[in-house]
Amino acid sequence: MTERTSGILLHITSLPSIGGVGDIGPEAYAFANFLAAAKQRLWQVLPLSPTGFGSSPYSALSAFAGNPLLISLEKLVEDGWLGYECLASLPAAGGPADFEAAWHAKMPLLVEAAKNFLDRANDEQRTRLHHFCNDNITWLPDYAAFSVLRRQYGYKSWHEWPREHAFRNEQAMAELFRERGHELAIEQTIQFFFQTQWSTLRAYCGDRGIRILGDVAIFVSYDSADVWMNPELFELDENRRPIRVAGVPPDYFSADGQRWGNPLYRWKLLQERGFDWWLERVRRSFALYDLVRLDHFRGFEAYWAIPAEEETAIKGNWVKAPGHALFSRLREVFGDLPFIAEDLGLITPQVDELREHFGFPGMRILQFGFSTRGAHMYLPHRFVPNTVVYTGTHDNDTTLGWWRNGASEIEKAAVQTCLGLIRADTEIVWALMREAATSVANYCIFPMQDLLHLGSEARMNTPSAAIGNWTWRYWPGALHPDFATQLAALTEVTDRDGYVEVKNVAVEINNP
């Protein structure tokens, strides 16, 4: 896409829904209406997968499934699968997301709704469920089995299950599918609820000119249905424990680097199989999103491989990945690839060449641009149009928080040299938003926290912190019309509202 556009980064869990976390219910539609009023045409979300450790959307139990906690119970009441009285017991809207409370409050009701659907659905509704299951047969049955077994074994990681289930013994799995069919059907119906509600919201956004920008993490979690289902695709030993794991090397920010712990792909085998697993993953992503951000894009060119026994990332090494072959195969199957490359961190000329070869826009974060001469690549005078500019991302402090707590005196002086005098702290927010919007970058994304002028208390994620992340939600009533009006004006004057100029055409009239 070459036209100029802008949007807002807001994960679904940050909506002020009832039930403990944001979901795909009334507040999601209210936010879509706000986007339309503000003339925004992109809604960026984080991965929608069921979460594991730390409730991080990047630590998912499945790369394919939807997070049941995002399902709106209010919508299930409207559809007749639950009684209205169940809503009274749910945690109220507002306040930080509480994933544990949401799990305990919502999951029994989702199971009840699924049972009601299976008992009472009419022929047309059953047909839609059948089509959904058939369309997702490559992952859905095994994900349902994974969920049933995970619950049976007290939500322990799959490698702690009895061997017959951890290693997917053929007889044990056949017995599971034969004897626990109703439980499996419930899990699949819950996924059907998620897909139905998400598709309806996405269509609602589409009718208002808003596209969904989703997020695909390059690696998957060890404790996931993906690794359990496909152990041969990952670097695992004979006991199905990781041989090497993913991370990033030591840098200015961390003397030990970052040891993420995700198992690495057996890329050679994947390539021999025509990247079949990645084809299915991307096909699933296109069923959820209009555009896709590829997290840790540099890992498609080369990735940092750490021996699994190492406690830090120091003793890793770079290993080449078949990025060119993968994206060529994806393009062969899907045509134009609506990908955005998260090309932050240690980027080499080879990574740039991979991105540019396939025409993927890269990312630029304004907060990064004011420290040294080497950081000026993040400032607009160094941009090219095929770029996505952010004031900050979910991994950064908010712009106001950065200015108050993170920006050095050198950075503040550089900001005021470039953007003019910042007399009050809050002026920094619109100064950076204007700088992003007026840049040549075709895409411009603002975190919702910046639009609301929030400080560090609203930060979504601190990568170095193991706890306390992903909980921010805006309060009910925060979507004041003045914010939409102000943002719409900026969007219009920077030509990001989709306006198409109609040229005057001279028409010659021949009089008789």
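Brief remarks follow.
- Single match in Leu35, Leu15 (criterion: in contact (Cβ under 8 Å) with a residue 12 or more places away in the chain, out of contact with any strand residue (DSSP E or B) (no Cβ under 8 Å at 6 or more places or on another chain), of a type in the set (A, V, I, L, M) and open to solvent by less than 10 Å² (accessible area, probe 1.4 Å)): Leu15
- Scan of segment 432-447 for residues that are of a type in the set (A, V, I, L, M) and open to solvent by 10 Å² or more (accessible area, probe 1.4 Å), ordered by number: Val440
- Qualifying positions in segment 202-261 - assigned to a loop (DSSP other than H, G, I, E, B), more than 22 Å from Trp139 (Cα to Cα) and small (Gly, Ala, Ser): Gly209, Ser254, Ala255, Gly257
- Qualifying residue in segment 384-393 (condition: of a type in the set (S, T, N, Q), surrounded by 21 or more Cβ atoms within 10 Å (Cβ to Cβ), at pLDDT 95 or above and in contact with a strand residue (DSSP E or B) (Cβ under 8 Å, 6 or more places away or on another chain)): yes
- Taking segment 410-432 as the range and being touching a Ser or Thr at 6+ places or on another chain (Cβ under 8 Å) and of a type in the set (D, E, K, R) as the test, only Glu411 passes.
- Some residue of segment 112-123 being over 30 Å from Arg459 (Cβ atoms), in contact with a Ser or Thr (Cβ under 8 Å, 6 or more places away or on another chain), of a type in the set (A, V, I, L, M) and open to solvent by 20 Å² or more (accessible area, probe 1.4 Å): yes
- Criterion violated by Asn504 - all others in (1) at pLDDT 90 or above; (2) open to solvent by 40 Å² or more (accessible area, probe 1.4 Å) satisfied: (1)
- Selection count where residues are surrounded by 20 or more Cβ atoms within 10 Å (Cβ to Cβ) and not in a loop (DSSP other than H, G, I, E, B), scope segment 448-480: 5
The values are calculated or read from the model by the stated rules, or taken from the named source; none is laboratory data. Computed from a prediction, not measured in an experiment: that's the story for all the values here. Cβ sites come from the backbone with ideal geometry, for glycine too, and all protein chains shown count toward neighbours. Heads up: the accessible areas ignore ligands, DNA and RNA and are worked out on the full protein's heavy atoms, side chains in. Shrake-Rupley method; radii C 1.70, N 1.55, O 1.52, S 1.80 Å.
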